[in-house]
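A.B. asks: Okay, here's the structure, questions in a sec.
The values are calculated or read from the model by the stated rules, or taken from the named source; none is laboratory data. Everything numeric here is computed off the predicted structure, so don't read it as measured data. In this analysis, Cβ positions are derived from the backbone assuming ideal geometry, glycine residues included, and neighbour counts consider all displayed protein chains. Remember, those area values only see protein heavy atoms, side chains included, never the ligands or the DNA or RNA. Shrake-Rupley method; radii C 1.70, N 1.55, O 1.52, S 1.80 Å.
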Amino acid sequence: MAKPIREGNGPRHVAVIMDGNGRWARQRGRPRLFGHHAGAKRIRELVEACPDLGVRYLTIFAFSTENWKRTQTEVAGLMSLFRRYIAKETRALREENVRVRFIGDRVRLDSKLISLMDEMETITEHCDGVNLTVALNYGGRDEVARATRRLAQDVAAGKLCPDSVNEETLPKYLDTYVLPDPDLVIRTSGEARISNFLLWQSAYAEYEFVDTLWPDFSAEEFGRLTKAFGLRDRRYGAVRA
Ligand code: FPP
């Protein structure tokens, strides 16, 4: 049963870099894909925790433009996991009133995966609860480059005047154009870097780097981090009055 989203002073949009699946599997003497499968199981729990925490938008980093450098076995295993995940979760997410979107460049993805992504977006497009955005073959620099290419095409076609390109117009060309900027970015597994994730959008985000490996990240820890966010003093470059 879908829950209403509780409004509060927590983050409205949380973005998550789900890191540490490989190490989690290694600690158990299992192949890396075992860790990715365990990681996929955590997503639903987080989505279900969002309404009570006041999180209306959840964006997760599933596959980066750099992840193609992994072994062919791991890449193929991840693609197969994405296909299976989408096929299995679409109806359940719709029941929970979750709207799913994908960001990233689809050109390198296989046609079966693309049609499953399209179907998931269509089946959930009337849902107005939590907005789950999955970044798949996503890179922040790649996104800005693709946006700039489309913007330049509009300028060349006379649809956009160069003088009107500013901080409001450029984001309209980004994959995230319908989403608000993230308020909080969480990265698991103890690495303190942003790895090309939502570069433009996270200019004023708060960051939380936690040691937990992604498959061990719980709704409880998610709740603690979102509550800690509510206590932060966000000034956006201004001085408090
Ligand atoms: C990073 O851990 C994780 C990934 C590159 C893949 C993220 C994918 C999932 C959580 C599962 C599936 C997602 C969906 C949407 C179904 P790592 O492999 O870099 O871990 P390591 O740093 O310990 O090696």
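A.B. asks: Please compute the per residue accessible area over segment 44-203 with all protein chains in place, 1.4 Å probe, rounded to a whole number of Å².
C.D. replies: 48 Å²
A.B. asks: Report the net charge of residues surrounding Arg12, where surrounding means a beta-carbon distance below 10 angstrom and charges are Lys +1, Arg +1, Asp -1, Glu -1.
C.D. replies: With Lys, Arg at +1 and Asp, Glu at -1, the neighbours total -2.
A.B. asks: Could you sort Tyr207, Tyr177, Tyr236, Tyr138 by their accessible area in this structure, using a 1.4 Å probe and putting the largest first?
C.D. replies: My answer, sorted largest first, is Tyr177, Tyr236, Tyr207, Tyr138.
A.B. asks: Mind grabbing the accessible area of Leu116 for me, 1.4 Å probe, Å², rounded to tens?
C.D. replies: Approximately 20 Å² of Leu116 is accessible to the 1.4 Å probe.
A.B. asks: Now for a separate question. Using r as the Cβ-Cβ distance of Thr148 and Arg108, and R0 as 22 Å, what FRET efficiency do you calculate, to the nearest 0.05?
C.D. replies: Here the calculated transfer efficiency is 0.65.
A.B. asks: Compute the length gained on full extension between Ala87 and Arg234: take 0.36 nm times their separation in residues and subtract their Cα-Cα distance, giving the result in nm to one decimal.
C.D. replies: So the chain would gain 48.9 nm between Ala87 and Arg234.
A.B. asks: Which one, Trp24, Gly158, Ala92, projects farthest toward the positive side of the charge dipole computed for the chain from Cβ point charges (K/R +1, D/E -1)?
C.D. replies: The residue sitting farthest along the positive end of the dipole is Trp24.
A.B. asks: Can you tell me, using C-alpha contacts under 8 Å and at least 6 residues apart, the relative contact order of segment 122-241 as a whole percent? Walk me through the intermediate numbers first.
C.D. replies: Numbers: 84 pairs, mean separation 27.1, N = 120.
Answer for segment 122-241 is 23 percent.
A.B. asks: Helix by helix through the chain, keep the DSSP H runs that span 30 Å or more along the axis on Cα and average at least 1.0 on Kyte-Doolittle, and give those back in order. Mind dumping the intermediate values first?
C.D. replies: Details: long enough: 32-53 (33 Å, -0.27); 72-95 (35 Å, -0.40).
For the chain, where a helix must reach 30 Å along its axis and average at least 1.0, there are no hits.
A.B. asks: With a 1.4 Å probe and all protein chains in place, put Thr71, Thr90 in order of accessible area, largest first.
C.D. replies: Thr71, Thr90
A.B. asks: Roughly how big is the chain's charge dipole about its Cα centre, with Cβ charges of +1 (Lys, Arg) and -1 (Asp, Glu), in debye to the nearest 20?
C.D. replies: Values: 38 positive and 34 negative charges, 133 e Å.
Charge dipole of the chain: 640 debye, to the nearest 20.
A.B. asks: Roughly to the nearest percent, how much of the accessible area of the chain is carbon and sulfur, given a 1.4 Å probe? Provide the component values of the computation, followed by the final result.
C.D. replies: Values: 6300 of 12610 Å².
Its accessible area is 50 percent carbon and sulfur atoms.
A.B. asks: Can I ask one more? On the full set of protein chains, 1.4 Å probe, figure out the accessible area of Glu191 and give it in Å² to the nearest 10.
C.D. replies: Using a 1.4 Å probe on the heavy atoms, I get roughly 50 Å².
A.B. asks: When the distances between all Cα atoms of segment 1-61 are binned every 5 Å from zero, what whole-number percent does each bin get?
C.D. replies: P(r) over segment 1-61, rounded to whole percents: 4, 17, 23, 17, 14, 11, 9, 5, 1.
A.B. asks: Let me ask something additional. If each DSSP helix of 4+ residues adds -39,500 (n - 2.57) and the sum is divided by the residues in the chain, what number results at 222 nm, nearest 500 deg cm²/dmol?
C.D. replies: Helices in the chain give a 222 nm mean residue ellipticity of -13000 deg cm²/dmol.
A.B. asks: Can you pull out the trypsin sites (Lys or Arg not before Pro) in segment 1-38 whose DSSP state is coil and whose Cβ has at most 13 other Cβ atoms within 10 Å?
C.D. replies: Arg6, Arg28
A.B. asks: Additional query: What are the lysines whose alpha-carbon lies under 27 Å from the alpha-carbon of Lys3, with same-chain residues fewer than 8 places away excluded?
C.D. replies: Lys41, Lys88, Lys227
A.B. asks: Between Glu125 and Glu45, what is 0.36 nm times their sequence separation minus the Cα-Cα distance? Round to one decimal in nm.
C.D. replies: Residue separation times 0.36 nm, minus the Cα-Cα distance, leaves 26.7 nm.
A.B. asks: Under a Cβ-Cβ cut-off of 14 Å, what is the net charge of the residues other than Asp110 that fall near it, where Lys and Arg count +1 and Asp and Glu count -1?
C.D. replies: Residues close to Asp110 contribute a combined charge of +3.
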